[in-house]
Amino acid sequence: MGLSKRRKINSAIRTTAETNPKDFFVFNNGVSILTTKFIKNGNVLEGISIINGAQTTGSIGSVQDFKKLDGLKVLCKVIECVDSDKVKKIVQYNNTQNHITTWDHYSNSAEQKLVEEEFKTFGYVYSLKRGFENTGSYFGIESVAQPLIALHGDYASANRGKNYVFDTKAAYDNAFHESKAQHILLAYTISKAIEKVKLNFKAKTNKISSDEDALLFLQNLKSRFFLISVIGEILDELTGKPLDKKFVKFNYNSSLQKNLSLDDLINIWVPVITAILPYVIRQTGQDLTSFLTNTENPLLHVAVEVKSLINAVKGFQPIPALDTLSNYIE
């Protein structure tokens, strides 16, 4: 599907949600969710992946005035399955109207098999199959592709979707060529930390204006991968070390799951992202999409200014989150 057509569909879904929330249930096809475990008591899902309806969830999530969504309901089909072969078929049959990606081809490559083995030595399960994005010590190739290519500076390809990364050899190579387990782990945890920061701002009951600005920025569908790219450009200022965005990684002891859980690694990044976010927003303004469209080399522009601001602040007082980060990455 072309980018302009996808934007039109996303816009139409969002408009329907905002203007006809009570009828959304009958107008929209809904969402299909794949899970490893569904606990009926409390409606708890353990390990989920949206296999159909990502445009619906993304479009609803981009609505800025939540009051407009009063009365909105979304049809949701939940499929509980742990059989990897059946999962493969479920994903395929639920996406028969869409282009099926080619990452199964890469899952059999020597490069990905090596990464899978590396993750085992650190206590993680790195899945080369399509379907799941679990918490804990389990995650997969499909969930790391976009964070990786964004960390390497190509936020535009990341924002085009994971299918694009796997279908475009240059994009795939940019993401995975010479990427080792410790580096992939770092990129993935930055992405998950941004999601957590967004949830933290959403959960605040007495938001001040800067909180509202941050939430508005993070609700933009392009913000997560652009922010990861910014972090890749300013690593040296964040840590006080000369680091290469293509090879930066958690150090060996930090990468061992028995020492630090995935949540622990994510939590290392949360205060860092919270600290630098106002500096990024100061450059981009609230309308990130317009900034990216109208600014020449927006990543370089933001990175230079944010590095300067961080350097100025550190000249007056230390930033504890950055000092902590420096202890864990190399």
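Let's see how each residue does on (1) within 24 Å of V313 (Cβ to Cβ); (2) out of contact with any Ser or Thr (no Cβ under 8 Å at 6 or more places or on another chain); (3) not charged (D, E, K, R):
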| position | (1), (2), (3) |
| --- | --- |
| S229 | yes, yes, yes |
| S254 | no, yes, yes |
| S261 | no, no, yes |
| T289 | no, yes, yes |
- Item | Answer residue from segment 284-300, given it is in a loop (DSSP other than H, G, I, E, B) and open to solvent by less than 50 Å² (accessible area, probe 1.4 Å) and is farthest from F217 (Cα to Cα) among those | T295
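Taking into account only those residues within segment 246-279 that are basic (K, R) and open to solvent by 60 Å² or more (accessible area, probe 1.4 Å), which is farthest from the chain's Cα centre (by Cα)? Working first, answer last.
Here is the first cut: in segment 246-279, the ones basic (K, R) are 246, 249, 258.
Within this subset, residues satisfying the condition of being open to solvent by 60 Å² or more (accessible area, probe 1.4 Å) are 249, 258.
Working: K249: 18, K258: 24 Å.
Only one residue tops the list, namely K258.
Which ones in segment 122-163 are out of contact with any helix residue (DSSP H, G or I) (no Cβ under 8 Å at 6 or more places or on another chain), under 24 Å from N251 (Cα atoms) and at pLDDT 90 or above? Even if it seems obvious, please write down each step before you answer.
Start the filter on segment 122-163 by keeping residues that are out of contact with any helix residue (DSSP H, G or I) (no Cβ under 8 Å at 6 or more places or on another chain), which leaves 123, 134, 138, 140, 156, 163.
Checking which are under 24 Å from N251 (Cα atoms) leaves us with 123, 134, 138, 140.
Passing the criteria: only G123.
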- Query: What tally of residues in segment 154-185 results from selecting those that are of a type in the set (V, I, T) and surrounded by 20 or more Cβ atoms within 10 Å (Cβ to Cβ)?
  - Reply: 2
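Condition check ((1) more than 26 Å from L199 (Cα to Cα); (2) modelled with pLDDT under 95) across all residues:
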position	(1), (2)
S290	no, yes
T293	yes, yes
L299	no, no
V313	yes, yes
- Message: Which numbered condition in (1) assigned to a helix (DSSP H, G or I); (2) open to solvent by 60 Å² or more (accessible area, probe 1.4 Å); (3) touching a residue at least 40 places away in the same chain (Cβ under 8 Å) is the only one that Y188 fails?
- Response: (2)
- Is it the case that segment 301-311 has a residue that's open to solvent by 60 Å² or more (accessible area, probe 1.4 Å), over 21 Å from S223 (Cβ atoms) and touching a residue at least 12 places away in the same chain (Cβ under 8 Å)? yes
- Cβ-Cβ below 9 Å, separation at least six or inter-chain, first residue in segment 44-73 and farther than 16 Å from T19 by Cα and open to solvent by 20 Å² or more (accessible area, probe 1.4 Å), second at pLDDT 75 or above and of a type in the set (D, E): which pairs? L45/E80
- Message: Quick check on my filter: what residues within segment 154-176 are over 21 Å from I266 (Cα atoms) and without any contact (Cβ under 8 Å) to a residue 60 or more places away in the chain?
- Response: A156, S157, G161, Y164, V165, T168, K169, A170, A171, D173, N174
- Going through segment 201-237 in order, the residues found to be more than 21 Å from T284 (Cα to Cα) and in a helix (DSSP H, G or I) are A203, D236
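Select from segment 20-34 the residues that are part of a helix (DSSP H, G or I) and touching a residue at least 12 places away in the same chain (Cβ under 8 Å) and write down the one among them that is farthest from D70 (Cα to Cα). Spell out the reasoning first.
Step one: of segment 20-34, the residues part of a helix (DSSP H, G or I) are 21-27.
Among the residues that remain, those that are also touching a residue at least 12 places away in the same chain (Cβ under 8 Å) are: 21-22, 24-25.
On the way: P21: 7, K22: 8, F24: 11, F25: 13 Å.
Ranking the candidates gives F25 first.
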- Query: Are there any pairs, at least 6 apart or on different chains, whose C-beta atoms fall under 9 Å, with the first in segment 262-289 and farther than 15 Å from A214 by Cβ and the second open to solvent by 30 Å² or more (accessible area, probe 1.4 Å) and of a type in the set (V, I, T), and if so, which?
  - Reply: L262/T135; D263/T135; I268/T324
- Message: Looking at segment 202-211, can you tell me whether even one residue there is touching a residue at least 40 places away in the same chain (Cβ under 8 Å) and crowded, with 20+ Cβ neighbours inside 10 Å?
- Response: no
- The lone condition V87 fails out of (1) over 25 Å from I231 (Cβ atoms); (2) at pLDDT 85 or above; (3) open to solvent by less than 30 Å² (accessible area, probe 1.4 Å); (4) of a type outside the set (D, E, K, R) is (2)
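The values are calculated or read from the model by the stated rules, or taken from the named source; none is laboratory data. Because the structure is predicted, anything quoted here is derived from the model rather than measured. Every residue, glycine among them, receives a Cβ derived from its backbone with ideal geometry; neighbour counts consider all protein chains shown. For accessibility, only protein heavy atoms count, side chains too; no ligands or nucleic acids. Shrake-Rupley method; radii C 1.70, N 1.55, O 1.52, S 1.80 Å.
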